[in-house]
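Below is one structure, written out as structure tokens; the observations come after it.
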Amino acid sequence: MCGIVGYIGTNDSKEILLKGLEKLEYRGYDSAGIAVVNENGVHVFKEKGRIADLRESVVAGVNANAGIGHTRWATHGPPSKRNAHPHQSASTRYTIVHNGVIENFDSLKREFMGNVDLQSDTDTEVIVQMINLFANEGLSTLEAFRKTLGLLKGSYALALLDNEDNETIYVAKNKSPLLVGLGDTFNVVASDAMAMLQVTDQFVELMDKEIVLVKKDEVTIQNLKGEIISRAPFKAELDASDIEKGTYPHYMLKEIDEQPLVIRKIVQKYQDETGKLTIDGDIVNAINQAGRIYIIAAGTSYHAGLVGKQLIEKVAKVPVEVHISSEFGYNMPLLSEKPLFIFISQSGETADSRAVLVEIKEMGYQALTITNVQGSTLSREADYTLLLHAGPEIAVASTKAYTAQIAVLAILAEVTAKSRGINLDFDLVKELGLVATAIETLCDSKEIIEQISREFLSVTRNCFFIGRAVDYYVGLEGALKLKEISYIQAEGFAGGELKHGTIALIEEGTPVIALATQESVNLSIRGNVKEVVARGANPCIISMKGLESDEDSFVIPEVHGLLTPLISVIPLQLLAYYAALHRDCDVDKPRNLAKSVTVE
Ligand code: M6R
């Protein structure tokens, strides 16, 4: 949450910073700002709202070859111009941008800010005021920066300007992601390579508690003790077109449409030269030696984990528990003798999941991360990684990452099953190929789904999703998608559970979206639909070919019973998309949210 950028070189920095922030807007978008430094000192521009609002307030006449920028997701203090970054010290000598949360901010404030008239409600301002205090005591900027970092508890990615030195950006990180990008006559800083792909594809990863001095022709990484660290750059394997919307009105729609391609790419990436699905032998061994697998995830990734549990248990016969990461640390279950942890995270940066990873590593357990982002924190800190190969997912509402997560979990289940000598009566490569084709068919049915969305969701204030067995898990995801982008109150329920209380909420016309893709529960879920219809509900049944009936609103193509979530979720993603569109909601950037949730 929050995105930061920095540029130092020979060109005017403003446009590079603004373009970079536009690419980071998915990380937070309630206010934004940039600060540029030239021989006349530091100039700060900030606005409440989007980068487009900030752009209008940036004065064209100010040229500066160095600067920093920030797009915010509020933690301390409401979204406002006053709380927008960059923040400055009282002397205005120092200017800082920050992504993360300083946990001991209150005690630092009490200890150091007695005589300082704070200008914002943020934890960030305390950092820059402390640097200023220590510099006033005679420390150099680097020493003051290092001393301050030594006193901070929590997470930070920081970029600092000193208006007495327009040739350096001071950078540091702990727990929050940060990269330095390299150019011939310039260097840059960014929370995510996407932001600076406009000027370079060469990046250097930073580790926690490192400080970096970024100059236009030199980057020096050091640890908190001041020891110099050398690290080779890597090439960001991103195509600029991956991060553009192209002709699509929204990233979400583009990402929904990309799903067939993603499934095919995953199959190809996990095939060996003979076409057999394969996974690193160490990962398969770790699963085979585990007494039980614990899947840890949040939001959509948690929902993918629920489907993954079914796949791993039914195909590979290994017991699995799935836990919400923000709960696990506070309410740890009795673990099996040899637990193996699987972290599922699109971004690989989710703070709630990372907190669990840190804890279980301290306990000496092994972890596998399934993520879309190579080199992300969860990937680096786990023992093993499986990549989703879904390409950047930019819309806040996760779509292609969900299907990619399930596809990778299916492959993991299949390869593990085979390693255990379990005979399978299906060919997963072929079945995933059929899934990709089925998703294409569904993506071609947008007009029908838009019509269904109009019919059921255009005026309602609430909506229920019901299903049994794996359809229940997909219903949870459908409800999350709908509520997060259309703001319709939506809940997913196990079909049989409504009558234990929630059915009291069914009124005349309440939409109930029921999934019927599983033969074993087809009749019982239809029975649950009758129960809500008897109380006035407006039912929208989404069934699978072979199980359909005349009353159904939409029928999805038939795929292997274990893989139905990969396609039954598509109409739900599209229903949510059109509901948000019809309500004039900001589809890609829903209120109060951010793509990468890096605070606990
Ligand atoms: O990056 P992660 O997969 O760890 O993110 C987890 C959740 O924050 C994320 O899935 C969230 O629920 C999405 N906005 C849902 O669309």
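The values are calculated or read from the model by the stated rules, or taken from the named source; none is laboratory data. Here the structure is a predicted model, which means the values were calculated and not measured. When we count neighbours, we look across all protein chains shown, and the Cβ atoms used for this are built from the backbone with ideal geometry, even at glycine. Please note that ligands, DNA and RNA were not included when accessible areas were found on the heavy atoms of the full protein model with its side chains. Shrake-Rupley method; radii C 1.70, N 1.55, O 1.52, S 1.80 Å.
Pairs are defined by a Cβ separation below 6 Å, a sequence spacing of at least 6 or placement on different chains, a first member in segment 328-355 that is over 11 Å from A297 (Cα atoms), and a second member that is away from the ligand (no atom under 15 Å from the Cβ) and among the hydroxyl-bearing types (S, T, Y); the pairs so defined are P339/Y294; P339/Y365.
Just one of the listed residues (S80, S31, S89) is modelled with pLDDT of 95 or more and more than 26 Å from L182 (Cα to Cα), namely S89. Residues in segment 328-366 that are within 16 Å of the ligand (Cβ to nearest atom) and either under 15 Å from G305 (Cα atoms) or hydroxyl-bearing (S, T, Y) (or both): F328, F341, I342, F343, I344, S345, Q346, S347, G348, T350, S353.
Test G154 against the criterion of being touching a Lys or Arg at 6+ places or on another chain (Cβ under 8 Å), closer than 29 Å to A195 by Cα, surrounded by fewer than 20 Cβ atoms within 10 Å (Cβ to Cβ) and not acidic (D, E), and give yes or no. Walk me through how you get there before you give the answer.
Values: touching a Lys or Arg at 6+ places or on another chain (Cβ under 8 Å): yes; closer than 29 Å to A195 by Cα: yes; surrounded by fewer than 20 Cβ atoms within 10 Å (Cβ to Cβ): yes; not acidic (D, E): yes.
Answer is yes for this residue.
Within segment 46-72, the set of residues being closer than 20 Å to M196 by Cβ and of a type in the set (V, I, T) comprises I51, V58, I68, T71. Among the residues of segment 399-440, those that are surrounded by fewer than 24 Cβ atoms within 10 Å (Cβ to Cβ) and either among the acidic types (D, E) or not assigned by TED's automatic domain parsing to the domain that holds L311 (or both) comprise D425, D427, E431, E440. Evaluated against (1) of a type in the set (A, V, I, L, M, F, W, C); (2) part of a loop (DSSP other than H, G, I, E, B); (3) in contact (Cβ under 8 Å) with a residue 12 or more places away in the chain; (4) open to solvent by 20 Å² or more (accessible area, probe 1.4 Å), V322 falls short on exactly one condition, (2). Looking across segment 539-575, just one residue is open to solvent by 50 Å² or more (accessible area, probe 1.4 Å) and outside any loop (DSSP other than H, G, I, E, B), and that is V555. Look at (1) more than 16 Å from the ligand (Cβ to nearest atom); (2) open to solvent by 10 Å² or more (accessible area, probe 1.4 Å); (3) in the same structural domain as E531 (by TED's automatic domain parsing) and you find that L457 fails only one, number (2).
In segment 311-327, the residue that is farthest from the ligand (Cβ to nearest atom) out of those that are out of contact with any Phe, Trp or Tyr (no Cβ under 7 Å at 6 or more places or on another chain) and among the charged types (D, E, K, R) is K317. Across segment 14-61, the qualifying residues are those that are basic (K, R) and open to solvent by 10 Å² or more (accessible area, probe 1.4 Å), and the one among them that is farthest from A594 (Cα to Cα) is K14.
Scanning segment 404-422 for residues that are under 11 Å from G305 (Cα atoms) and polar (S, T, N, Q) returns a single hit, Q405.
Among the residues of segment 276-296, is there at least one that is within 14 Å of the ligand (Cβ to nearest atom) and assigned to a helix (DSSP H, G or I)?
No, the conditions are met nowhere in segment 276-296.
I'd like to check something: does segment 516-532 contain any residue that is assigned to a loop (DSSP other than H, G, I, E, B) and in contact (Cβ under 8 Å) with a residue 24 or more places away in the chain?
yes
Taking the condition at pLDDT 95 or above, at positive phi and within 16 Å of the ligand (Cβ to nearest atom), does G308 pass? No: the conditions fail for G308.
Of the candidates I263, I256, the single residue that is away from the ligand (no atom under 16 Å from the Cβ) and crowded, with 20+ Cβ neighbours inside 10 Å is I263.
Would you mind stating whether T510 is surrounded by 15 or more Cβ atoms within 10 Å (Cβ to Cβ), closer than 24 Å to E447 by Cβ and in contact (Cβ under 8 Å) with a residue 24 or more places away in the chain? Give the derivation first.
On the way: surrounded by 15 or more Cβ atoms within 10 Å (Cβ to Cβ): yes; closer than 24 Å to E447 by Cβ: no; in contact (Cβ under 8 Å) with a residue 24 or more places away in the chain: yes.
In short, no.
Across segment 576-600, the qualifying residues are those that are assigned to a helix (DSSP H, G or I) and buried (at least 24 other Cβ atoms within 10 Å of the Cβ), and the one among them that is farthest from the ligand (Cβ to nearest atom) is A579. Are any residues in segment 475-489 among the β-branched types (V, I, T) and within 14 Å of the ligand (Cβ to nearest atom), and if so, which ones? The answer is I485, and nothing else.
Can you tell me which residue among E111, E125 is in contact (Cβ under 8 Å) with a residue 12 or more places away in the chain and part of a helix (DSSP H, G or I)?
On the way: E111 fails: in contact (Cβ under 8 Å) with a residue 12 or more places away in the chain.
Only one candidate passes the filter, namely E125.
Quick check: anything in segment 284-298 within 24 Å of the chain's Cα centre (by Cα), open to solvent by 20 Å² or more (accessible area, probe 1.4 Å) and not acidic (D, E)?
So in segment 284-298, the residues within 24 Å of the chain's Cα centre (by Cα) come out as 293-298.
When the remaining residues are screened for being open to solvent by 20 Å² or more (accessible area, probe 1.4 Å), the result is 298.
Filter again for not acidic (D, E), leaving 298.
Yes, the conditions are met somewhere in segment 284-298.
Is it the case, given these coordinates, that A157 is without any contact (Cβ under 8 Å) to a residue 60 or more places away in the chain and within 20 Å of V44 (Cβ to Cβ)? No; evaluated as a whole, the condition is false for this residue. Among the conditions (1) open to solvent by 10 Å² or more (accessible area, probe 1.4 Å); (2) within 16 Å of the ligand (Cβ to nearest atom), Q451 misses just one, which is (2). Restricting segment 380-436 to residues that are within 16 Å of the ligand (Cβ to nearest atom) and of a type in the set (V, I, T) leaves a set whose member that is nearest to L566 (Cα to Cα) is T403.
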